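To start, the structure itself, in structure tokens.
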Amino acid sequence: MSDQKKYLNRSDFLRLATLFEGGLVVVAYVIGWFADVDPLAHLTVNPAAFVWGVAGTVPLYLMFVISYRLPVGELRDIRRFLIDKFGPFLTACRWRDLIYLGLLAGITEEVLFRGALQPWLEAKGGWAAGLIGSNLLFALAHWITPVYALLAGLTGVYLGLALDVGGERNLTVPILIHALYDILAFMAVARTYREERSRVF
């Protein structure tokens, strides 16, 4: 019975995700106030940003598919963790909930890490310091295992580089990449969990 309740606990999961991720925007603005940085200073919505965002999602998601389907060592453990811990909640969500969760994470995490932290650390120590420092923090924020943190940190570097793709800094690009990637990854985890449950029952 407890598994079934956990499986159906959609509203609590969405509420918790909203509170946690929304809190990151508060943190971004506290940092922005302290560091005199506007987290949305480089947010520009235009067709070029959408093209770069969609195109930038492709290689990142391909890497996810490869690592997700490669059952070796730490990658197998990470896959198992994602399915066991998030699968029940993601499966209980409707498709529009998964889109909401992906957009929520993409917007709030990018506003914090690429909108506030990266420019602040750049102002302190230069471009490389901003890119590396913000993504060390990004890796720590995603610490599940050392390998997962490493992969998250490398993903953060990719998103940090995407901030300046096309020659003009635009926060919309990493937001779109992050959001689209998360939506696709959430759908993959939910699908795997459903398939495993169907084999059991």
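Only the coordinates and a few stated rules stand behind these numbers; no lab work does. Please read all numbers here as calculations on a predicted model, not as lab measurements. All Cβ positions, glycine included, derive from the backbone under ideal geometry; neighbour counts span all protein chains shown.
Tell me the mean residue ellipticity at 222 nm calculated for the chain from its helices only (DSSP H runs of n ≥ 4, each -39500 (n - 2.57), averaged over every residue, nearest 500). Estimated from H runs of four or more residues: -25500 deg cm²/dmol. Of the options Thr172, Ala162, Ala55, report the single residue whose Cα projects farthest towards the positive end of the charge dipole of the chain (beta-carbon charges: Lys, Arg +1; Asp, Glu -1). Going by the charge dipole, the pick is Ala55. Classify the stretch 67-159 from the C-alpha gyration tensor, please: rounded if a/c falls under 1.5, else prolate or oblate depending on whether a/b exceeds b/c. Oblate. With coordinates expressed along the principal axes, the C-alpha atoms belonging to the chain extend over 56, 34, 33 Å, beginning with the largest. Reported to the nearest whole Å, the Cα centre-to-centre distance from the stretch 143-201 to the stretch 82-100 is 14.
Projecting the Cα atoms of Tyr193, Phe13, Leu70 onto the charge dipole of the stretch 2-200, computed from C-beta unit charges around the Cα centre, puts Tyr193 farthest toward the positive end. Applied to the stretch 173-186, the Karplus parametrisation 6.51 cos²θ - 1.76 cosθ + 1.60 on θ = phi - 60° returns per-residue 3J(HN,Hα) values of 5, x, 4, 5, 4, 4, 5, 4, 4, 5, 4, 5, 5, 4 Hz, with x for Gly and Pro.
Around the Cα centre of the stretch 68-188, unit charges on the Cβ atoms of Lys, Arg, Asp and Glu (plus for the first two, minus for the last two) sum to a dipole of about 280 debye.
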